[in-house]
2 protein chains.
Amino acid sequence: MIRVVLLGAGNVAIHLARAMQVSDNIELVQYYSRSLENSSYFDPEIKHTDNLNNLDEADIYILALKDEVVEEFSKRLTHVKGLVVHTSGSLDLNALSSLSRSGVLYPIQTFTKERSFSLKTIPFGVECTNPEDIKLLKSMASILTDHPFELDSQARKRIHLAAVFANNFSNYMFTISKQLCDDNNLSFDLLKPIIKETAEKINYMSPEEAQTGPARRNDHMIMETQEAQLNSDLREIYRMISRSIQNKYNQH
Amino acid sequence: MIRVVLLGAGNVAIHLARAMQVSDNIELVQYYSRSLENSSYFDPEIKHTDNLNNLDEADIYILALKDEVVEEFSKRLTHVKGLVVHTSGSLDLNALSSLSRSGVLYPIQTFTKERSFSLKTIPFGVECTNPEDIKLLKSMASILTDHPFELDSQARKRIHLAAVFANNFSNYMFTISKQLCDDNNLSFDLLKPIIKETAEKINYMSPEEAQTGPARRNDHMIMETQEAQLNSDLREIYRMISRSIQNKYNQH
């Protein structure tokens with residue numbers, strides 16, 4: 001049984017807490033948060049504290065906090081004996097350098113507290129300062145996911161950047177398309193089947209092969225007509241992405 | 001029974017042919033294509049012709065052709081008595097103005113011949129020059145899909161533009177993320193769960209609400225670090241989309 005204390009009550013913390021609660025081999029002994037704002041998302045059986053001096057003993061302390069506070073926050077945990085890990089895709093392991101036993105547990109996923117899903121299929125990158133801690137962190141991660149793997153800070157930042165394109169930016173393309181629907185009194189529901197297929201397709205072919213559309217075909221007439229329908233901000237985005245697609249497919 | 005002749009043998013034609021073949025109320029009597037290149041994707045029972053003078057009689061002729069050839073091609077169909085429709089999102093109905101009975105049957109989906117799926121959930125926009133033809137086209141569309149609806153050329157172009165963002169551009173974001181994985185010897189499979197969740201999330205919340213990431217949080221430090229990892233083309237795309245997200249979320 002691996003004893004865990006969770007620090008944070010945001011989207012990542014809530015998802016990790018749910019997964020640990022249903023596992024037989026992890027005991028989530030306590031969670032820390034300053035306020036009880038999100039307490040309804042946590043099982044009432046999990047003890048809560050808002051005082052870092054009252055942290056229970058545990059094998060692993062998980063800091064599921066905003067990137068910008070992790071380093072300062074970790075300086076208040078020097079009294080802790082267990083392994084302390086953060087969950088950020090972009091923070092260096094060194095952010096925890098004030099601690100003797102530190103690591104990273106990075107789930108490659110986008111979390112929203114209102115959504116609930118199994119973590120089993122989600123890749124978790126793990127990294128530790130001390131080689132002996134890797135075994136502990138990996139065995140803990142392997143309880144949560146079928147895909148734990150070692151990932152150093154450099155590679156983690158790369159995958160996080162790739163995830164920004166894969167998730168943040170693709171979602172923003174959905175936002176723009178919804179905006180265009182709203183502006184023209186068309187239901188965004190009309191686009192849901194094509195969005196579903198866009199995501200499913202990449203399990204059967206590479207996104208390079210899946211690319212379609214006016215820029216892929218180098219269809220200048222349609223691109224000009226479409227640009228003319230956009231305001232200046234969106235036109236810039238349309239042009240830049242189209243030009244990049246054209247360069248990729250039509251100059252080789 | 002509605003009799004249909006299909007003209008074209010590309011991705012859209014192949015998907016329409018499959019759906020018509022399994023329907024009880026549409027008889028796909030013939031398909032036309034210049035070559036037999038994609039004939040393996042068509043049921044051998046469907047008659048083929050490469051001669052427009054040998055077209056069978058039908059209620060509806062579907063031109064599933066490249067946008068740029070539709071208008072010229074339609075001028076060779078003036079001898080046809082049935083309703084002639086194209087399937088393009090961006091071509092005006094007027095592209096068929098040399099014909100007395102013309103229309104549009106636009107499925108809002110991205111089609112690849114290697115993929116196979118039901119058309120039932122896919123919205124089909126329909127439009128006709130003659131009001132009396134709308135009934136015929138709508139009843140034909142309603143055999144293929146549960147979501148046929150009238151959509152004029154103006155609105156169709158808007159939804160097609162929205163679909164360029166929702167599909168073409170989001171897929172290109174996947175392509176960039178795969179490129180970043182490849183460049184760093186990281187498997188693109190690591191991002192498949194997050195891409196799946198990105199698409200599924202919008203069924204539970206709007207993409208505006210689903211937006212996460214450094215630009216959404218206005219996290220300048222991470223954005224600068226990430227920009228520095230990109231080549232100049234990708235950096236421009238990263239900056240422009242990030243700036244647009246920042247403007248949307250951080251100035252209101």
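Where a number appears in this text, it was derived from the coordinates with a stated rule and is not lab data. Just so we're clear, the structure is a prediction, and the values are computed from it rather than from any experiment. Positions of Cβ are backbone-derived with ideal geometry, glycine not excepted, and every protein chain shown enters the neighbour counts.
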Residues of type aspartates and glutamates that A:Lys138 reaches as a straight line, Cα spacing below 20 Å, ignoring anything fewer than 8 places off in the same chain: A:Asp24, A:Glu27, A:Glu57, A:Asp59, A:Asp92, A:Glu127, A:Asp146, A:Glu150, A:Asp152, B:Asp189
Calculated over the stretch B:67-165: convex hull of Cα atoms, volume per residue (Å³): 110 Å³
Position A:Val22, label points 7 Å along Cα→Cβ, spacing to each other copy in nm (shortest first, one decimal): 3.2
Cα-derived Rg to Rh of the stretch A:188-252, Kirkwood definition: 1.01
Cα lying deepest toward the dipole's positive end in the stretch B:98-221, options B:Asn185, B:Thr198, B:Leu105, charges on Cβ: B:Leu105
Other copies of A:Thr225: label-to-label distances in nm, shortest first, labels 7 Å along the beta-carbon direction: 4.6
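Restricting things to alpha carbons, find the Rg to Rh ratio for the stretch A:86-245 using the Kirkwood radius for Rh.
Rounded to two decimals, Rg/Rh equals 1.08.
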Loop-resident sites, the stretch A:1-50, for trypsin sites (Lys or Arg not before Pro), counting at most 13 other Cβ within 10 Å (DSSP): A:Arg34
Per-selection metrics, the stretch B:1-138 (Cα): Rg and Dmax in Å: 13.7, 37
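What value, in deg cm²/dmol to 500, does the helix sum -39500 (n - 2.57) over DSSP H runs of n ≥ 4 give at 222 nm once divided by the residues of chain A?
Roughly -12500 deg cm²/dmol at 222 nm, from the helical runs in chain A.
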Selected from B:Ala162, B:Ala210, B:Ala19 as most flexible by GNM, with chain B as the system and alpha-carbon contacts under 10 Å: B:Ala210
Over the stretch B:110-188, equivalent-ellipsoid semi-axes from the Cα gyration tensor in Å: 36, 16, 7
FRET efficiency for A:Arg76 and A:Asn250, using Cβ-Cβ distance with R0 set to 56 Å, rounded to 0.05: 0.50
Zone residues, the stretch A:153-194, relative to B:Met240, backbone N less than 19 Å from point 7 Å out along Cα-to-Cβ: A:164-180
Helix axis angle, B:170-183 relative to chain B longest principal axis, alpha carbon, degrees: 50 degrees
Shortest-first distances to equivalent copies, position A:Glu200, nm, label 7 Å out along Cβ: 1.4
Separation of the B:Glu224 and A:Ala155 label points, Cα + 7 Å toward Cβ, nm: 2.9 nm
Cα-centre dipole for the stretch B:115-175 with unit charges at Cβ (Lys and Arg positive, Asp and Glu negative), debye to 20: 240 debye
14 Å beta-carbon shell around B:Asp92, net charge (K/R +1, D/E -1): -2
Using alpha-carbon coordinates, inclination of helix A:153-163 to the longest axis of chain A, degrees: 40 degrees
Kirkwood Rh in Å, taken over the stretch B:48-122 so that all alpha-carbon pairs contribute: 13.5 Å
Estimated distance in nm for a label pair at B:Glu200 and A:Lys113, the labels positioned 7 Å out from Cα along Cα-to-Cβ: 2.1 nm
Cleavage-rule hits (GluC sites (Glu not before Pro)) in the stretch B:38-88: DSSP loop, at most 13 neighbouring Cβ within 10 angstrom: B:Glu45, B:Glu57
Acute angle (nearest 10 degrees) that the helix A:131-144 long axis makes with the longest principal axis of chain A, alpha-carbon atoms: 70 degrees
Nitroxide proxy distance, nm - points 7 Å out along Cα→Cβ at A:Asn185 and B:Asp233: 4.2 nm
For the protein assembly as shown, convex hull of alpha carbons as volume per residue, Å³: 163 Å³
Magnitude of the charge dipole, chain B, Cβ model with Lys/Arg +1 and Asp/Glu -1, debye to 20: 280 debye
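Please compute the contact order of chain B in relative form: average sequence separation of alpha-carbon pairs under 8 Å and at least six residues apart, divided by the residue count, as a percent.
Details: 343 pairs, mean separation 32.1, N = 252.
Answer for chain B is 13 percent.
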When each of A:Lys196/B:Lys192; A:Lys248/B:Lys196; A:Lys192/B:Lys113 is checked by Cα-Cα distance, pairs over 23 Å: A:Lys248/B:Lys196
Point-charge dipole on Cβ atoms (K/R +1, D/E -1) for the protein assembly as shown, about Cα centre, debye to 20: 220 debye
